[in-house]
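Participant: Input: one structure, supplied below.
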Amino acid sequence: MTSRWLVLVESNTTGSGRLFAAAARRLGLRPVMLARDPDRYPYVRADQIDSKLTDTADPAAVLAACTALPGPVAGVLSSSEYFIATAAEAASALGLPHPDPAAVRRCRDKRSQRQCLAAAGLPGPGFASADSPEAAVTAAARIGLPVVVKPVAGSGSIGVRRCGSLAQAAAAARYVLAADQAATGLPPQPAVLVERYLPGPEYSVELLGDQVVGVTRKHLGPEPFFVETGHDFPAPLAAAGAAAVSQCAAAALAALGLRHGAAHVELRLTPAGPVVVEVNPRLAGGMIPRMVQEATGIDMIFHLVAAAAGQDAAVRPARAAAASIRFLIAGECGQLAGITGVDEARQLPGVTEVGLTATAGQQVTVRHSFRDRLGYVIGAGHDTAAAAGAAESGLRALAAQIVPAPAAAEGSLR
């Protein structure tokens, strides 16, 4: 019997790529990984997933690899936001379901995204792009302090800073424009985006196609950084507030032309109403899909893979509960000797999962991004308050033992 292939173009490195392959197998499809270095993803070998060495930076090479497979291709997608547009181009050429590649690229370029949302009349902060620290200072002075300086193409809060002075804006832009990719995980940036700071609590709306799956409350660490320290799902919002942020997110997707696949839309609920922070043309990170599944029974990864393969199924919740996650964040640089309290956390009421994302012996560098996470605790409950309480109790049981490094070793902007 000829296999029907589900093509995965590269992968993210936080674990959900493995779940994409598992979802393909649940659908009766044979996953195959196209990658410049398949060994970069240990699960490919461990799970006996087919792989093909491919220049994934070249859309033509990705399409050629798809057409060379011995059997029909059912779908092409990626769990890495850096390759979603490339996968969409291949799917389009093969006549398979896909998001609009141009819409994906508009979302990935935060400057283009802001311009598109503004042109559609959606509320948003004053903004400008800047290709030098001096230009960032000029933009910040025109927009008005405080501002947020961020990469035009980044993720995970890497290089995102709140700046209360022009000197801080210059330093933040200099950090991003001169960032070393190997050290920071940030691709080379042609410019930074300078935006007026938005006050108010932060939320995200999780969508599959044009269907809102739910709203997440985001917890952030201390400014000037924007490190996500936890999430609650569903967000503890009144019905009117949840509807307002959901409608704003849907309007943003319509303006950008993103009508297929997953979207993770981040917003601030300001005194004037919801305002889009940014639209991400992918599933949420930070294990939010895992929380959604815990709270509702909806497996967003499975639905996304099924849609890519033309096997859409109704997205319906199986239960109405809540889930929260709290991250163990590194507070200093050094060598991780270990993390204590894991067994104690797992035994606490309401705690459903405790995971470590760092191993003893590794070097810890505080970067003020998602890369500072050492572990996590997921709590579940009948409502958000109960779930959050369980996750926070579990987090309090954990302690990272870090042998400090000299202060000069901290590779981050202060």
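Participant: Taking every alpha carbon pair in the chain, what does the distance histogram look like in 10 angstrom bins from 0, in percent?
Facilitator: P(r) over the chain, rounded to whole percents: 5, 21, 31, 29, 13, 1, 0.
Participant: May I ask you to order 141-152, 371-382 by the average number of other C-beta atoms within 10 Å around their residues, highest value first? It would help to have the intermediate numbers written out before the result.
Facilitator: Values: 141-152: 19.8, 371-382: 21.8.
Peptide ranking by packing, descending: 371-382, 141-152.
Participant: Here's something else I'd like to know. Could you work out how much longer the chain between GLN347 and ALA64 gets when fully extended? Use 0.36 nm per residue separation minus the Cα distance between them, nm to one decimal.
Facilitator: Taking GLN347 through ALA64 to full extension adds about 96.8 nm, to one decimal.
Participant: Based on DSSP H runs of at least 4 residues, each adding -39500 (n - 2.57), what is the mean residue ellipticity at 222 nm of the chain after dividing by all its residues, to the nearest 500 deg cm²/dmol? Could the numbers behind the result be given before it?
Facilitator: Numbers: 14 runs with 135 residues, N = 414.
That calculation yields -9500 deg cm²/dmol at 222 nm.
Participant: If the chain between ALA183 and ASP47 were fully stretched, how many nm would it gain, using 0.36 nm times the residue separation less the Cα-Cα distance? Write down the numbers at each step before the final one.
Facilitator: Numbers: separation 136, 0.36 × 136 = 48.96 nm, distance 2.98 nm.
Residue separation times 0.36 nm, minus the Cα-Cα distance, leaves 46.0 nm.
Participant: Still on this structure: What percent does the relative contact order of the chain come to when contacts are Cα pairs within less than 8 Å and at least six residues apart?
Facilitator: Numbers: 959 pairs, mean separation 53.5, N = 414.
Computed value for the chain: 13 percent relative contact order.
Participant: Next question, about the same structure. Over the range 94-153, calculate the relative contact order: mean separation of alpha carbon pairs under 8 Å at least 6 apart, over the residue count, as a percent. Let's see the in-between values first.
Facilitator: Working: 27 pairs, mean separation 19.6, N = 60.
It rounds to 33 percent for the range 94-153.
Participant: Quick one: what Rg and Dmax do you get for the range 21-151 from the alpha carbons, in Å?
Facilitator: 19.7, 59
Participant: Now, a different point. Taking K and R as +1 and D and E as -1, what net charge do the other residues with C-beta under 12 Å from the C-beta of ARG25 add up to?
Facilitator: Numbers: positive: ARG4, ARG18, ARG26, ARG30; negative: ASP47, ASP50.
My count for the surroundings of ARG25 gives +2.
Participant: Rounded, prolate or oblate, given the Cα gyration tensor of the range 94-137, with a/c below 1.5 counting as rounded?
Facilitator: Values: a/c = 5.37, a/b = 1.88, b/c = 2.86.
Oblate, since a/c reaches 1.5 and b/c is not below a/b.
Participant: Could you compute the FRET efficiency for ARG259 and GLN363, with r as their C-beta to C-beta distance and R0 at 35 Å, rounded to 0.05?
Facilitator: Working: r = 43 Å, r/R0 = 1.24.
FRET efficiency, ARG259 to GLN363: 0.20.
Participant: Using only the Cα atoms of the range 275-394, construct the convex hull and provide its projected area averaged over every direction, in square nanometres to one decimal. Present the calculation step by step, with values, prior to reporting the outcome.
Facilitator: Details: hull surface 38.9 nm².
It is 9.7 nm².
Participant: Given charges of +1 on the Cβ of Lys and Arg and -1 on the Cβ of Asp and Glu, with all other atoms neutral, how large is the dipole of the chain about its Cα centre, in debye to the nearest 20? Intermediate results must be reported in sequence, preceding the final value.
Facilitator: On the way: 36 positive and 34 negative charges, 63 e Å.
Roughly 300 debye, rounded to the nearest 20.
Participant: Can I ask one more? Quick one: among ALA136, ALA60, ALA314, which has the greatest mean-square fluctuation in a GNM of the chain with alpha-carbon springs under 10 angstrom?
Facilitator: ALA314
Participant: Sticking with this one: I'd like the distance separating the alpha-carbon centroids of the range 346-361 and the range 33-69, in whole Å.
Facilitator: 32
Participant: Right, here's the next one. With the dipole of the chain worked out from charges on the C-beta (+1 for Lys and Arg, -1 for Asp and Glu) around the Cα centre, which of ALA171, HIS382, ALA272 lies farthest toward the positive end?
Facilitator: ALA272
Participant: Cα-based Rg (one decimal) and Dmax (whole number) for the range 196-241, in Å?
Facilitator: Looking at the range 196-241, its Cα Rg and Dmax stand at 12.1, 34 Å.
Participant: Follow-up question, since we're still on this one. GluC sites (Glu not before Pro), restricted to the range 201-281: which are DSSP loop and have at most 10 other Cβ atoms within 10 Å? Show your work: numbers first, answer last.
Facilitator: Numbers: sites: GLU202, GLU206, GLU228, GLU266, GLU278; in loops: none.
When the GluC sites (Glu not before Pro) of the range 201-281 are filtered for loop state and at most 10 Cβ neighbours within 10 Å, nothing remains.
Participant: Something else about it: Tell me, what is the FRET efficiency for ALA337 and ALA313 to the nearest 0.05, using R0 = 51 angstrom and their Cβ-Cβ distance as r? Before the final figure, lay out the partial values.
Facilitator: Details: r = 47 Å, r/R0 = 0.91.
The formula returns an efficiency of 0.65 here.
Participant: Work out from phi, with θ = phi - 60° and the Karplus expression 6.51 cos²θ - 1.76 cosθ + 1.60, the ³J(HN,Hα) of each residue of the range 159-172, listed in order in whole Hz, and give x for Gly and Pro.
Facilitator: Residue by residue, the range 159-172 yields x, 8, 9, 8, 10, x, 9, 5, 5, 5, 5, 5, 5, 5 Hz.
Participant: Hey, got a sec? Which trypsin sites (Lys or Arg not before Pro) in the range 8-107 land in a DSSP loop and have at most 14 other Cβ atoms within 10 Å?
Facilitator: Details: sites: ARG18, ARG25, ARG26, ARG36, ARG40, ARG45, LYS52, ARG105, ARG106; in loops: ARG36.
Of the trypsin sites (Lys or Arg not before Pro), the ones in loops of the range 8-107 whose Cβ has at most 14 other Cβ atoms within 10 Å are ARG36.
Participant: Moving to a separate point now. Under 5 Å between amide H atoms, partner at least 5 residues away or on a different chain: which partners does ALA235 have, H built in plane at 1.01 Å?
Facilitator: VAL215, THR216, ARG217
Participant: I'd like the FRET efficiency for ALA239 and ALA57, computed as 1/(1 + (r/R0)^6) with the beta carbon distance as r and R0 of 41 Å, rounded to 0.05. Numbers along the way, then the final one.
Facilitator: Values: r = 46 Å, r/R0 = 1.11.
The value I calculate is 0.35.
Participant: From the phi angles alone, apply the Karplus equation (6.51, -1.76, 1.60; θ = phi - 60°) to the range 57-66 and give each ³J(HN,Hα) in whole Hz, x where the residue is Gly or Pro.
Facilitator: 6, 10, x, 5, 5, 5, 4, 4, 5, 5
Participant: Using a Gaussian network for the chain with springs between C-alpha atoms less than 10 Å apart, which of these wobbles most: ALA399, ALA262, ALA153?
Facilitator: Among ALA399, ALA262, ALA153, the largest GNM mean-square fluctuation belongs to ALA399.
All of the numbers you see were taken from the coordinates with simple rules; none came from a lab. Since the structure is predicted, the reported quantities are computational estimates derived from the model, not experimental observations. A quick note on method: Cβ atoms are made from the backbone with ideal geometry, for glycine too, and the neighbour counts reach across all protein chains shown.
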